[in-house]
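Nothing in this text is a laboratory measurement; each read-out follows from the coordinates by a stated rule. In this text, all values refer to a predicted model and were calculated from it rather than measured experimentally. Using ideal geometry, Cβ is built from the backbone for each residue, glycine included, and neighbour counts are taken over all protein chains shown.
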Amino acid sequence: MQPSIGSLRRPARTDIVMDHLNDTISLVMEQKKQLRELFSAPIDLPALVRRLEKPKGPVDVVIDTDAYNEIDDQYAISYLVKKSDKLKLQALYAAPFFNDKSTGPEDGMEKSYQEILKLLKLMGRSDLSEKVYRGSVRYLPSKTEPVQSDAAKDLAERAMGYTPEKPLYVVAIGAITNVASALLLNPEIRDRIVVVWLGGNAHEWEHCIEFNLIQDVAAARVLFGCGAAVVQLPCMGVVSTFTVSGPELEKWFQGKNELCDYLCSYSCSEGERESRYKNNWTRVIWDVTTVGWLADGDFMNDCLKPSPIPEYDGYYAFSSSRHPIRYVNSIHRDALIADLVKTLTEA
Ligand SMILES: [Ca+2]
């Protein structure tokens, strides 16, 4: 006898929750398996910890930047180009972004590409223009699917010229799409790069809804999950102390050189445009801190921590069994500002 519809057993709420939980666990396990298969080489923990030490002496560097999205990438790019004694710049990649200064990730990437060229011209370094590459026009469709771009292709190939003992440093100051794509295109580069990324918030912060991370969570999961050496500079709760104001910028930069005039006038016009407090605004020049980590100087404190797991709901998950990353936990603001000003105002 067929049961009537009314007599069919309705699942209890706990059954629904358990089914959902089991589905979620299966999905997570499957995704972990796919990523593990891509990055099949086991993680050599002692070697990883050695790569996470701050390098001594000159190193090769590339930078991945959403240069047009705000006011801070411009300072970071300039600082890196002018730190050429230690930081040997090999390539510059334009990253996608989507905010009120772009119509979407592709437009954001193209505007960033043009802004990089503009900065190089202002610094009298147009010789570096041939090292600028266009990046991703969209975010990762999933954490096993790369986005093809000149930038991702270049990094996937370029990093093969480096070794676990002598890696290529990747300063990343935007959504991490290009870098994650390079890792997915060529998993062999995992142990040949060190990614210094401004992304996410402090692990103690109430959420990780941060511009660079939240635009491409799948890419962040690749970065933190694949076993590559990552130096994380978290935004809210750590780098958020790295502020400047209009009067400071005018005093330090105005009239020093063409680059400094541009940085000062652009920052001040953007600061006034976006602030409710007229002339009393401050801005965080976030991205500078990534170059500061690589530069010689006592500019911040850091430690080793298990790699966090950025979830799609805007929170981190944590597991003490994860491989380590280097985690910056405080910025020595005045020391880093002093070095930035000295470096950018030199002729
Ligand atoms: Ca940026």
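Under 5 Å between amide hydrogens, built in the peptide plane, is the criterion, and for Asp302 it picks out Asn329 among residues at least 5 positions away or on other chains.
Taking Cα centre as origin and charging only the Cβ of basic (Lys, Arg, +1) and acidic (Asp, Glu, -1) residues, the dipole magnitude of the chain rounds to 540 debye.
Dipole orientation for the chain: of the candidates Asn280, Pro42, Gly297, Pro42 has the Cα lying most toward the positive pole (charges on Cβ; Lys, Arg +1; Asp, Glu -1). Could you work out how far the C-alpha centroid of region 281-309 sits from that of region 161-227, in angstrom? If you average the Cα positions of each part, the centres end up 15 Å apart. Calculated mean residue ellipticity at 222 nm for the chain: -12500 deg cm²/dmol, from DSSP H runs with n ≥ 4 weighted as -39500 (n - 2.57), summed, divided by the residue count and rounded to 500. Here is the size of region 95-223 from its Cα atoms: Rg then Dmax, 14.9, 44 Å.
For a modelled paramagnetic label at Ile43, 7 Å from Cα along Cα-to-Cβ, the residues of region 186-213 in reach, with backbone nitrogen under 13 Å, are 191. Across Thr163, Thr177, Thr65, mean-square fluctuation computed from a Gaussian network of the chain (C-alpha pairs under 10 Å connected) peaks at Thr163. Across region 305-321, coupling constants 3J(HN,Hα) worked out from phi with the 6.51/-1.76/1.60 Karplus curve, θ = phi - 60°, read 9, x, 4, x, 10, x, 9, 6, 8, x, 10, 7, 10, 10, 9, 5, 8 Hz, and Gly and Pro carry x. Relative contact order for the chain: 17 percent, from Cα pairs under 8 Å spaced at least 6 residues apart, divided by residue count. Looking at the calculated P(r) for region 31-172, what percent of the C-alpha pair distances fall above 28 Å? It works out to 25 percent of all Cα pairs. Residue-wise HN-Hα couplings along region 205-215, as the Karplus relation 6.51 cos²θ - 1.76 cosθ + 1.60 with θ = phi - 60° gives them from phi, are 5, 6, 7, 10, 7, 10, 3, 5, 6, 6, 5 Hz; Gly and Pro carry x. This ranking places Glu346, Glu272, Glu115 by how few other beta-carbon atoms lie within 10 Å of each, fewest first, which gives Glu346, Glu272, Glu115. Around Ala95, which amide H atoms from residues at least 5 apart in sequence, or from another chain, sit under 5 Å from its own amide H, with H modelled in the peptide plane? Residues meeting the criterion, in which the H sits 1.01 Å from N, are Thr65, Asp66, Ala67.
Could you tell me the distance between the Cα centroids of region 69-97 and region 310-324, to the nearest Å? Value for the Cα centre distance between the two parts: 29 Å. For region 95-245, the relative contact order is 20 percent, taking Cα pairs closer than 8 Å that sit 6 or more residues apart in sequence and dividing their mean separation by the residue count. For the chain, the direction-averaged projected area of the alpha-carbon convex hull comes to 21.4 nm².
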